[in-house]
Amino acid sequence: MALLEVIALDARDAVAAEEGGADRVELVADMAADGLSPSPATVAAVRAALDIPVRVMLRLTDGFAAGNLDALIGRTADLRAAGAEEFVLGFLTPDGAVDLPAVTRIVESIDGAPWTFHRAIDHCANRAALRAAVADLPGLDTILTAGAATGVDDGIATLTSENPGPQRVLVGGGLRLDHLPRLLAAGLDAFHIGSAARPHGWGAPVSTDEVRRWRQAVDVRSSV
């Protein structure tokens, strides 16, 4: 069965996503900075409200540098104490390579929990080298990517032609319903939506109806 993940900013978003048929929520704060770590209180509220899995962003500043690792590890501990069990992370060096020491240190701090390497891959210098470098890190089961920094429109050729590797590829970043047939035909069956679940913009909550529309489209087309 295809996987549908929806970005949530709070418990109201998360509940709407679940009611619409989402399989998983990615919980973030501050989409003006492309998604930062939420507060422990938000994590606790979302975990209490949902039955589906929640992946929590580990990122304190805009961009793809790790920043203050001690501060991030401290926040990670607080988020785990609030109930976070799955995570999203990914850091690059200034020259566009994966910052493996930083990623490894954070992965050690989450102690084998499942995690997604996020769209930093779309901004790296060498996708294949990044995937090879992180492939054996404990807990990594998902790569979130649009195939290009500018989104799925420009990255779909990459997504449908590259070796998927050992992790599940979660397609997101400007994803639209009309992209689904080509992606599914290439064997890609995991999809991540943010603005597509918010017809009135990021200032409005997730729409259960929009999530349900995606759920139905993903299920119908993946069964063909």
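The values are calculated or read from the model by the stated rules, or taken from the named source; none is laboratory data. Owing to the predicted nature of the structure, the values given are computational and were not obtained by experimental measurement. All Cβ positions, glycine included, derive from the backbone under ideal geometry; neighbour counts span all protein chains shown.
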(message) For the stretch 187-208: of the residues being β-branched (Val, Ile, Thr) and more than 20 Å from LEU159 (Cβ to Cβ), which is surrounded by the fewest Cβ atoms within 10 Å (Cβ to Cβ)?
(response) THR208
(request) Inspect the stretch 144-154 for any residue being at pLDDT 95 or above and out of contact with any Gly (no Cβ under 9 Å at 6 or more places or on another chain) and give the result as yes or no. (result) no
(request) State whether the residues of the stretch 76-90 include one that is within 14 Å of the chain's Cα centre (by Cα) and on the phi > 0 side of the Ramachandran plot. (result) yes
(message) Considering only the stretch 179-186, I want to know if a residue exists there that is closer than 23 Å to ASN126 by Cα, without any contact (Cβ under 8 Å) to a residue 60 or more places away in the chain and not in a helix (DSSP H, G or I).
(response) yes
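Could you say which residue among VAL43, VAL25 is within 17 Å of PRO114 (Cβ to Cβ), assigned to a helix (DSSP H, G or I) and at pLDDT 95 or above?
Result: VAL43 is the single residue among VAL43, VAL25 that is within 17 Å of PRO114 (Cβ to Cβ), assigned to a helix (DSSP H, G or I) and at pLDDT 95 or above.
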(request) Please indicate, with yes or no, whether at least one residue in the stretch 127-145 is under 22 Å from ALA65 (Cβ atoms) and of a type in the set (Asp, Glu). (result) no
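I'd like the full set of residues that are hydrophobic (A, V, I, L, M, F, W, C) and within 17 Å of VAL107 (Cβ to Cβ), limited to the stretch 121-150.
ILE121, LEU130, ALA132, ALA133, VAL134, ALA135, LEU137, LEU140, ILE143, LEU144 - these are the residues of the stretch 121-150 that are hydrophobic (A, V, I, L, M, F, W, C) and within 17 Å of VAL107 (Cβ to Cβ).
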(request) Hey, could you check the stretch 172-186 for residues that are under 24 Å from ALA129 (Cα atoms) and of a type outside the set (A, V, I, L, M) and say which is surrounded by the most Cβ atoms within 10 Å (Cβ to Cβ)? (result) GLY172
(request) Write out, first by first residue and then by second, each pair whose Cβ atoms fall under 6 Å of each other, whose residues are 6+ apart or on separate chains, and whose first residue, in the stretch 9-24, is within 14 Å of HIS192 (Cβ to Cβ) while the second is of a type outside the set (A, V, I, L, M) and surrounded by 21 or more Cβ atoms within 10 Å (Cβ to Cβ). (result) ARG24/GLU5
(message) Against the condition free of Cβ contacts under 8 Å to residues at least 60 places away in the same chain and not in a helix (DSSP H, G or I), how does VAL206 come out, does it pass?
(response) no
